[in-house]
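Peer 1: For reference, the structure I am asking about is given below.
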Amino acid sequence: MLERCPVCGGAEATRVSRYNRFILFDRVPDPASAIYNYSLCHACGVVYAERRPAGERYKWLLERFEETLGRTDVGAPRPGKFALSSSSLTDEAREQLRRMVANGVFVSGTRGLARKDYLPSLMNDRLASSMHVEILGSLLPLKAPRVLEIRSRLGSISAMLQRLYGASCAAMTLFENQRFLIEEVYGIPASCPIDFDAFSIPFEGRFDVIISNHMLTHAVRPKEFLATVRERLAPGGHLYLYQEPMEGEFLDRGKSMFNTLNPFHLQTFNQPSAVRALEANGFQVIFCTVRDDLFLAIAQAADMPGDNWKRMSDSQRSRRRSAYRVANDTAILRVPEHLRAPFAKDWDAIVERSLANGVATRSKDGRIKVRKVEEQAT
Ligand SMILES: [Zn+2]
């Protein structure tokens, strides 16, 4: 249990939600694993899990990674997305991957190769990642930079920076098969896994650019994560942060908050809070934007980090508290009937409130239905 905000160290916070996605599961690792007590920090405005797994418990949950994300049962082979599955690699699988990647990243349709003879995910990932290289190349002077990619999927951003800007890169991946492919396909040194609890960088020296994919959301100790990154940036170096989910998904666009906050999502934010999170940790944001409810930013390590960042205003805080209250109510109303026991005590009050403020309606058979966001707006 945290006493202070894990991002800025702020001492005051308001609890905005009790549960993570496990509350929607029929089977969970244990009853405590569903209770995270998400809290809104009054200073930086980040919403963080006040209760979070660390140490051995985090490892225990991580080992059940795909199972706990509701993707598959333990031990069952995962369909598709071969290159990204978390299973470890046998010698046989290594050989098979080697044969496939020998056909290259950009496999022309004219070659008539069968799907089993190459790895389409290599090209797909290159295309899906090109946006980030466009942003980096347009906004930063990239002259043969030294680059570290954290939580790289298949080394695509590094490969593009190498091709276009003569970058020398290193990559950190979650899984052994990703690590293997990045070295095999691009010759880029790669390491795995990534420790979200005691984060460290297993490469020597400093980097001009550190690229971080979906890490701030997951870091067990975000302050320490950002300090480690900052320490390893060359003077004037830049952090590029991307794929950080915003609270707008469930506050403004009608998704269930419980379903969105999976047990590895330990932080969420809006754009100003994400910027404050960086400022509070010695970074100056030089560019940021939100696309598809995902935050991305380029931030420069400040020469003289100070405590002079601007705290969230009282009016912003109260606006977000109200929005979280509604999101919590509607998430509860959407919980399947057989899982509603934890909410029995508050149920009637929630129904009454939600009918009164128009986020829910009562149908003829007496059921409570959360209105779609488009309907609520009218
Ligand atoms: Zn904070």
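The values are calculated or read from the model by the stated rules, or taken from the named source; none is laboratory data. Predicted model only: the values in this text are computed from it and were never measured. Heads up, the Cβs are rebuilt from the backbone with ideal geometry, glycines too, and the neighbour counts pull from every protein chain shown. The accessibility values were calculated without ligands, DNA or RNA, using every heavy atom of the protein model including side chains. Shrake-Rupley method; radii C 1.70, N 1.55, O 1.52, S 1.80 Å.
Peer 1: Placing unit charges on C-beta atoms (Lys and Arg positive, Asp and Glu negative, everything else neutral), compute the dipole magnitude of segment 244-378 about its Cα centre in debye, rounded to 20.
Peer 2: It comes to approximately 520 debye.
Peer 1: With label points built 7 Å along Cα→Cβ from the Cα atoms of R57 and K345, find their separation and express it in nm.
Peer 2: Computed distance between label sites R57 and K345 equals 2.1 nm.
Peer 1: Additional query: Order I188, I286, I35 by their accessible area, 1.4 angstrom probe, all chains in place, largest first.
Peer 2: I286, I35, I188
Peer 1: At 7 Å along the Cα-to-beta-carbon direction for both A32 and N308, put a label point, then send me their distance in nm to one decimal.
Peer 2: It works out to 4.4 nm between the two label points.
Peer 1: Now for a different question. Can you find, among A198, V370, G254, the residue sitting farthest towards the positive end of the charge dipole of the chain, where Lys and Arg contribute +1 and Asp and Glu -1 at Cβ?
Peer 2: So the residue furthest toward the plus end is V370.
Peer 1: Still on this structure: What distance in nm separates the two pseudo spin-label positions at A102 and R291, each 7 Å out from Cα along the beta-carbon direction?
Peer 2: 3.7 nm
Peer 1: Please report the net charge: other residues with Cβ closer than 10 Å to the Cβ of Y118, K and R +1, D and E -1.
Peer 2: +3
Peer 1: Let me ask another. Could you compute the net charge surrounding R18? Neighbours are other residues with a C-beta less than 13 Å from the C-beta of R18; K and R count +1, D and E count -1.
Peer 2: After counting each charged neighbour, the total is +2.
Peer 1: Can you grab the distance from the C-alpha centre of segment 1-51 to the C-alpha centre of segment 110-129, Å, no decimals?
Peer 2: Answer, in whole Å: 40.
Peer 1: Cα atoms only, segment 120-301: Rg and Dmax in Å?
Peer 2: Over segment 120-301's Cα set, Rg and Dmax evaluate to 15.7, 45 Å.
Peer 1: Let me ask something additional. Got a sec? Which residues in segment 117-144 would a label at R163 touch, if it sits 7 Å along Cα→Cβ and we count backbone N under 14 Å?
Peer 2: Residues 122-134 qualify, since their backbone N sits under 14 Å from the label point.
Peer 1: Dipole size in debye (nearest 20) for segment 120-301 around its Cα centre, Lys and Arg Cβ +1, Asp and Glu Cβ -1?
Peer 2: Dipole of segment 120-301, to the nearest 20 debye: 300 debye.
Peer 1: Suppose we flag GluC sites (Glu not before Pro) only when DSSP calls them loop and at most 14 other Cβ atoms lie within 10 Å. Which is the longest uninterrupted stretch of the chain?
Peer 2: Result for the longest clean stretch: 13-203.
Peer 1: Might you tell me the accessible area per residue for segment 236-361, computed with a 1.4 Å probe and given in Å²?
Peer 2: 46 Å²
Peer 1: Across all directions of projection, what mean area in square nanometres is found for the Cα convex hull of segment 258-378?
Peer 2: 10.6 nm²
Peer 1: Please give the FRET efficiency for E12 paired with E204, using the beta carbon to beta carbon distance and R0 = 35 Å, rounded to the nearest 0.05.
Peer 2: E between E12 and E204, to the nearest 0.05, is 0.30.
Peer 1: About the Cα centre of the chain, how large is the charge dipole given +1 on each Lys and Arg Cβ and -1 on each Asp and Glu Cβ? Please answer in debye to the nearest 20.
Peer 2: So the magnitude is around 760 debye.
Peer 1: In whole percent, how big is the carbon plus sulfur part of the accessible area of the chain, probe 1.4 Å, protein atoms only?
Peer 2: After summing per-atom areas, the C and S share lands at 49 percent.
Peer 1: Okay, next question. When every alpha-carbon pair in the chain is counted, what percent end up more than 31 Å apart?
Peer 2: Counting pairs separated by more than 31 Å, the tail of P(r) holds 42 percent.
Peer 1: Rounded to the nearest 0.05, what FRET efficiency is calculated for L89 and L127 with R0 set to 30 Å and r the Cβ-Cβ distance?
Peer 2: Calculated value: 0.75.
Peer 1: Rounded to whole Hz and in sequence order, give me ³J(HN,Hα) for segment 294-299 from the Karplus expression 6.51 cos²θ - 1.76 cosθ + 1.60, θ = phi - 60°, writing x for Gly and Pro.
Peer 2: Going residue by residue, I get 10, 8, 9, 7, 10, 10 Hz, with x marking Gly and Pro.
Peer 1: List, in order, the whole-Hz ³J(HN,Hα) value for each residue of segment 342-356 obtained from phi through the Karplus relation with A = 6.51, B = -1.76, C = 1.60 and θ = phi - 60°; use x for Gly and Pro.
Peer 2: After applying 6.51 cos²θ - 1.76 cosθ + 1.60, I find x, 10, 4, 5, 9, 3, 4, 5, 5, 4, 4, 4, 6, 5, 5 Hz.
Peer 1: Rounded to the nearest 0.05, what FRET efficiency do M1 and D365 give with R0 = 51 Å and r taken as the Cβ-Cβ distance? Could you check?
Peer 2: 0.75
Peer 1: So, one more: If L294, L136, L127 are ordered by their accessible area, calculated over protein heavy atoms with a 1.4 Å probe, which sequence runs from highest to lowest?
Peer 2: I get L127, L294, L136, largest accessible area first.
Peer 1: Of Q316, F283, S130, whose Cα points farthest to the positive end of the dipole of the chain (charges on the beta-carbon: +1 Lys, Arg; -1 Asp, Glu; origin at the Cα centre)?
Peer 2: Of the listed residues, the answer is Q316.
Peer 1: At 1.4 Å probe size, put T90, T14 in order of accessible surface, largest to smallest.
Peer 2: Descending order: T90, T14.
Peer 1: Quick one: Kirkwood hydrodynamic radius for segment 226-272, alpha-carbon pairs, angstrom, one decimal?
Peer 2: Every distinct Cα pair counted, the radius reaches 12.9 Å.
Peer 1: Can you pull out the cysteines in the chain that have no other Cys Cβ under 4.7 Å?
Peer 2: Result for the chain is C169, C192, C288, no neighbouring Cys Cβ within the cutoff.
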